[in-house]
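**Student:** Sharing a structure with you now.
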Amino acid sequence: MDLRAEVLQRFLRYVQINTQSQDEVEDRYPSTACQLDLARLLVEELKALGLSDARMDEHGYVTASLEGRAAGGGSAARLPSVGLLAHLDTYPAVPGANVKPQIHKNYQGGALRLPGVPDLEILPSDNPDLAKYRGDDIVTSDGTTLLGADDKAGVAEIMTLLAWLQRDPSLPCPKLRVAFTPDEEVGNGTKFFDLKGFGAEAAYTLDGSGMGEVEDETFCADSATVTITGIDVHPGYAKGKMVNAIRLAEAFIARLPWAATPETTEGRQGYLHPHGLNGNVSQAKIQLLVRDFTGEGLKALEAKLEDIRNDVLALEPRAQVKVEVKESYRNMKVVLDKVPAVVEYAEEAVRRCGLTPERKAIRGGTDGSRLTLQGLPTPNLSAGGYNFHSRQEWIAVGAMVKAVEVAAALMRIWAERGPAGAGR
């Protein structure tokens, strides 16, 4: 089977398995049992490929390993151990069950129509990268759900690479460790990850977008919960007595700076993003994401939340307003800059595959963000998809093939350069 047919077949199979994670779940891991359906399938497929140590642990992490093969017939004993990772789950806030993938063959331009929602289209004006894939096959959902390229494209690409390596023992590679993680979309992808047991010197997540991207920087990220406690009384006799927590939540959100929202920021600009609101007259809670590329910028945004808290209390002193901040992850660049070869090898792999590497900062985070700060340098590579977390998500088959080829070239480079590579 050729790479193009294989990676597409795997991708289509995986996206039809619902693996949505669930936010704010504290009593179980992973947050949803459905993620284990894909995890179990992957263990079966890994064993069928001959990776006898493939297993799913008690937390739903799937791991496996492939013995190294030195370039030029050298000693495999001296090869480094390198990891490849992708995540099992899909974004929880957009429908992700019953995905019906659509293949738009031989794309020649124009809007991509999504048959499940006739008035929903993927427009070239909003997606200029579509022009790169004229003549290619584009995969979308039918518009009623997300597609799941984030990150089942990465899963399919790693599995296709493993199958390729097993078919062709002449292909050099380091000691290869692979892992598929649950709950990445809700910020817990590495919560129980056995870093010591994984045993890699460096790793790469396949969780990025356009071809040729090599991402060595992420946001610094916190989450914030604003809890507003009011006073509830019968509305017919409420004058001078009621303190409506819902109205105060409205006042709090209205004071968030419009110039620091996801809708108005780009590049290296940070933001405050209210993404959840629930409550009643007695109590209301606002869930926010706080994002910036520096720790100083993150603190400035969180100071703004305290300023707004004080404004709301001045508006209604009888209320209680509490702002709680929880650390999510930090910018991985501070660590990756100390081991530049890890990123440079990825850029060289992109060049070997006929592309121009584009080093980028992620306006988001990956499992690699935390793994890097925990001591495993883990930059992010392209998996090929666009419009993640959206019903208008799409991916070109050629981009998935190129991701497999880049990963293969990267493994060859590690095999060529030997165990000291990460430290050079």
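**Student:** Given Cα positions, please report Rg to Rh for segment 335-397, the hydrodynamic radius being the Kirkwood one. Don't skip to the end; give the middle numbers.
**Tutor:** Values: Rg = 13.5 Å, Rh = 13.4 Å.
On the Cα set of segment 335-397, Rg over Rh gives 1.01.
**Student:** I'd like the carbon and sulfur percentage of the solvent accessible area for segment 1-135, probe radius 1.4 Å, heavy atoms only, ligands and nucleic acids excluded. Don't jump to the answer; show the numbers that get you there.
**Tutor:** Details: 3230 of 6690 Å².
After summing per-atom areas, the C and S share lands at 48 percent.
**Student:** Under 15 Å from the Cβ of residue 116, count the other residues' Cβ atoms, weight Lys and Arg +1, Asp and Glu -1, and hand me the total.
**Tutor:** Net of charged neighbours comes to -1.
**Student:** Full extension from residue 307 to residue 93: what is 0.36 nm times the residue separation minus their Cα-Cα distance, to one decimal in nm? Walk me through the numbers before you get to the answer.
**Tutor:** Numbers: separation 214, 0.36 × 214 = 77.04 nm, distance 2.93 nm.
This chain segment gains 74.1 nm when fully extended.
**Student:** Tell me, what is a quarter of the convex hull surface for the C-alpha atoms of segment 226-278, in nm² with one decimal? Present the calculation step by step, with values, prior to reporting the outcome.
**Tutor:** On the way: hull surface 18.3 nm².
Spelled out: convex hull of the Cα atoms, projected over all directions, averaged, 4.6 nm².
**Student:** Counting other Cβ atoms within 10 Å, which GluC sites (Glu not before Pro) in segment 14-101 have at most 16 and lie in a DSSP loop? Show your work: numbers first, answer last.
**Tutor:** Working: sites: 24, 26, 44, 45, 58, 67; in loops: 24, 26, 58, 67.
Hits after loop and neighbour filter: 24, 26, 58, 67.
**Student:** Nearest 0.05, what FRET efficiency do residue 251 and residue 106 give at R0 = 56 Å with Cβ-Cβ as r? Spell out each step's value before the answer.
**Tutor:** On the way: r = 53 Å, r/R0 = 0.96.
Taking R0 as 56 Å, the efficiency between residue 251 and residue 106 is 0.55.
**Student:** Still on this structure, I have one more. Of 410, 258, 29, whose Cα points farthest to the positive end of the dipole of the chain (charges on the beta-carbon: +1 Lys, Arg; -1 Asp, Glu; origin at the Cα centre)?
**Tutor:** Among 410, 258, 29, the one farthest towards the positive end of the dipole of the chain is 410.
**Student:** Could I ask something else about it? Given +1 on the Cβ of Lys and Arg, -1 on the Cβ of Asp and Glu, and no further charges, what dipole in debye does segment 51-171 carry about its Cα centre, rounded to the nearest 20? Walk me through the numbers before you get to the answer.
**Tutor:** On the way: 10 positive and 16 negative charges, 87 e Å.
It comes to approximately 420 debye.
**Student:** Given contacts defined as C-alpha pairs under 8 Å and at least six residues apart, what's the relative contact order of segment 306-402, whole-number percent? Walk me through the intermediate numbers first.
**Tutor:** Values: 70 pairs, mean separation 20.9, N = 97.
Relative contact order here is 22 percent.
**Student:** For residue 332, which sequence-distant residues (separation of 5 or more, or a different chain) have an amide H within less than 5 Å of its own amide H, given hydrogens modelled in the peptide plane?
**Tutor:** 218
**Student:** May I pose another question? Quick one: how many Å² of residue 223 are accessible to a 1.4 Å probe, rounded to 10?
**Tutor:** For residue 223, the solvent-accessible surface is approximately 40 Å².
**Student:** Please compute the net charge surrounding residue 192, taking Lys and Arg as +1 and Asp and Glu as -1 over other residues with Cβ under 15 Å from its Cβ. Kindly include the intermediate steps, with their values, before the conclusion.
**Tutor:** Numbers: positive: 28, 55, 191, 196, 370; negative: 26, 27, 57, 58, 89, 183, 184, 194, 367.
Neighbourhood net charge equals -4.
**Student:** Given C-alpha coordinates of segment 177-262, what is the ratio Rg to Rh with the Kirkwood estimate of Rh? Walk me through the intermediate numbers first.
**Tutor:** Numbers: Rg = 22.6 Å, Rh = 18.4 Å.
So for segment 177-262, dividing Rg by the Kirkwood Rh gives 1.23.
**Student:** I need the per residue convex hull volume for segment 71-184, using only the alpha carbons, in cubic angstrom as a whole number. It would help to have the intermediate numbers written out before the result.
**Tutor:** Working: hull volume 17.5 nm³, N = 114.
Given the Cα convex hull of segment 71-184, per-residue volume reads 154 Å³.
**Student:** Calculate, for segment 205-343, the solvent-accessible area per residue in square angstrom, rolling a 1.4 angstrom probe over the heavy atoms of the protein chains. Present the calculation step by step, with values, prior to reporting the outcome.
**Tutor:** On the way: 6880 Å² over 139 residues.
I get 49 Å² per residue for segment 205-343.
**Student:** In addition: Can you bin every Cα-Cα distance in segment 273-419 into 10 Å intervals starting at zero and give me the percent of pairs per bin, rounded to whole numbers?
**Tutor:** Values per bin, smallest distances first: 9, 27, 27, 18, 11, 6, 1.
**Student:** Follow-up. With all distinct Cα pairs included, what does the Kirkwood hydrodynamic radius of segment 156-315 come out to in Å, to one decimal, could you say? Don't skip to the end; give the middle numbers.
**Tutor:** Details: mean 1/r = 0.0503 Å⁻¹.
For segment 156-315, the Kirkwood estimate is 19.9 Å.
**Student:** Something else about it: Give the relative contact order (percent, whole number) for the chain; include only Cα pairs under 8 Å separated by 6+ residues. Walk me through the intermediate numbers first.
**Tutor:** Numbers: 964 pairs, mean separation 98.3, N = 424.
RCO, the chain: 23 percent.
**Student:** Once the principal axes of the Cα atoms of segment 361-417 are found, what is the range along each, listed largest first in whole angstroms?
**Tutor:** Answer, in whole Å and largest first: 40, 28, 14 Å.
**Student:** Of 334, 308, 399, which is farthest along the charge dipole of segment 265-424 in the positive direction, counting Lys and Arg as +1 and Asp and Glu as -1 at C-beta?
**Tutor:** So the residue we want is 399.
**Student:** Take the alpha carbon atoms of segment 104-177, find their center, do the same for segment 391-408, and report the distance between the two centers in whole angstrom.
**Tutor:** That distance is 5 Å.
**Student:** Report the label-to-label distance for residue 337 and residue 131 in nanometres (one decimal), using points 7 Å from each Cα along the Cα→Cβ vector.
**Tutor:** With each label placed 7 Å out from Cα toward Cβ, I get 3.5 nm.
**Student:** Now, a different point. Filter the trypsin sites (Lys or Arg not before Pro) in segment 135-197 to those in DSSP coil with at most 12 other Cβ atoms within 10 Å of their Cβ, and list the result. Present the calculation step by step, with values, prior to reporting the outcome.
**Tutor:** On the way: sites: 152, 167, 175, 177, 191, 196; in loops: 191.
Answer by residue number: there is no such site.
**Student:** Compute the label zone of residue 351 within segment 205-222: residues whose backbone N is under 16 Å from the point 7 Å along Cα-to-Cβ.
**Tutor:** 212-214
**Student:** Compute the whole-percent fraction of alpha carbon pairs in segment 137-214 spaced more than 14 Å apart. Mind showing how you got there, number by number?
**Tutor:** Working: 2192 of 3003 pairs.
Considering segment 137-214, 73 percent of its Cα-Cα pairs are separated by more than 14 Å.
**Student:** Between segment 265-333 and segment 1-25, how many Å separate their Cα centres?
**Tutor:** Using only Cα atoms to place each centre, the spacing works out to 34 Å.
**Student:** Count the net charge of all other residues whose Cβ sits under 11 Å from the Cβ of residue 105, scoring Lys and Arg as +1 and Asp and Glu as -1.
**Tutor:** Net local charge, residue 105 excluded: -2.
**Student:** Kindly state, as a whole number, the per residue volume in cubic angstrom of the convex hull around the alpha carbon atoms of the chain. Kindly include the intermediate steps, with their values, before the conclusion.
**Tutor:** Details: hull volume 63.0 nm³, N = 424.
Enclosed volume per residue, from the Cα hull, is 149 Å³.
**Student:** Taking 0.36 nm per intervening residue step and subtracting the Cα-Cα distance, what contour gain separates residue 76 from residue 26 on full extension?
**Tutor:** Numbers: separation 50, 0.36 × 50 = 18.00 nm, distance 4.35 nm.
Net length gain for the segment: 13.6 nm.
The values are calculated or read from the model by the stated rules, or taken from the named source; none is laboratory data. In this text the structure is predicted, and so the values were computed from the model without any measurement. Backbone-built Cβ (ideal geometry, glycine too); neighbour counts: all protein chains shown. These area figures cover heavy atoms from the full protein model, side chains too; ligands, DNA and RNA do not enter into them. Shrake-Rupley method; radii C 1.70, N 1.55, O 1.52, S 1.80 Å.
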